[in-house]
Amino acid sequence: MSYAFGPGSDPFGLSLPKWDLVTAAPSADSPSAVSAYTQEHAVGIDGGGEYLPDTERTFNKTTEISAEYISNTNGTIVLTTDVWNIVKALCGTATARQITEISVRTTNSGDQRARLALRGHVHGANTHTVNSNFPTMDADCTFDGYGASDFIICGFGTYDVISGDVTIRVGHLDRQGSNGDWLVGRSQGVMVEAKTSAISDVVPSGTGNPEVIGTLGWTLDGPIRRRPGNDFGVWDVAAHLYFPATATA
């Protein structure tokens, strides 16, 4: 018996120059050999309430996939060109893989390198051959591969930020084809959520109604000031952006 160690292969089959794969689920020998899946089933019932085993069928075979990466650079990473555009290339008429969530985590404690997580799914043998669109994302913000970054641009001091996160959620809708199985999918609509924590006396300011902050026009969910005991006061700021599906893959 032989054993294999390590993260396994990337289920997305991505090549990310500034990121190294840490973990992948499910694990497989190659991106095309993902074996873990769920599927629905249906079976007929006769007039006496008994199941008819010969009528059972399975459909909507789906594999949920995820991967986590760690930055291999201390330099600048651009969210659009170093993450989004590379991931976007996965989607289109030639693949059944769909991205539903992209998240970046940065912190100033422990291992301070930025981490990237991808989530999505695969639909058995039926690809999205008709209507697989993927939206344009214009949040061309930059961050370092090492240390904490403020994606919202709240105006805190350079060294005040404790952690910063950004999560991109892609709306995805599937419709069954004439054979009752997955056939057509569309990825459209993007919601970007960001969070920043900082030790600072600076008050994050916004203008307009609702409050908008930063160069990208984030809508504030609300800044919260925490004062744990006699420790420094900590700001927790959350905000979001929306992007429509303005381009096809």
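Of note:
- Leading residue by the ranking (modelled with the lowest pLDDT) among those in the range 92-124 that are in a strand (DSSP E or B) and of a type in the set (S, T, N, Q): 98
- Flag for residue 127 being at pLDDT below 80 and of a type in the set (Ser, Thr, Tyr): yes
- Selection from the range 63-82 of residues that are part of a strand (DSSP E or B) and over 18 Å from the mean Cα position of the chain (by Cα): 76
- Residue 180 vs. criteria under 30 Å from residue 57 (Cβ atoms), modelled with pLDDT under 80 and not in a strand (DSSP E or B): yes
- Selected residue (criterion: modelled with the highest pLDDT) from residues of the range 134-162 that are surrounded by fewer than 17 Cβ atoms within 10 Å (Cβ to Cβ) and under 21 Å from residue 89 (Cβ atoms): 142
- Under the condition of being modelled with pLDDT under 85 and either under 20 Å from the mean Cα position of the chain (by Cα) or part of a loop (DSSP other than H, G, I, E, B) (or both), the residues counted in the range 201-242 number 21.
- Residue list for the range 3-42, restricted to those being at pLDDT 80 or above, farther than 17 Å from residue 117 by Cβ and of a type in the set (Asp, Glu): 40
The values are calculated or read from the model by the stated rules, or taken from the named source; none is laboratory data. Since the structure is predicted, the reported quantities are computational estimates derived from the model, not experimental observations. Note that we place each Cβ from the backbone using ideal geometry, even for glycine, and neighbour counts take in every protein chain shown.
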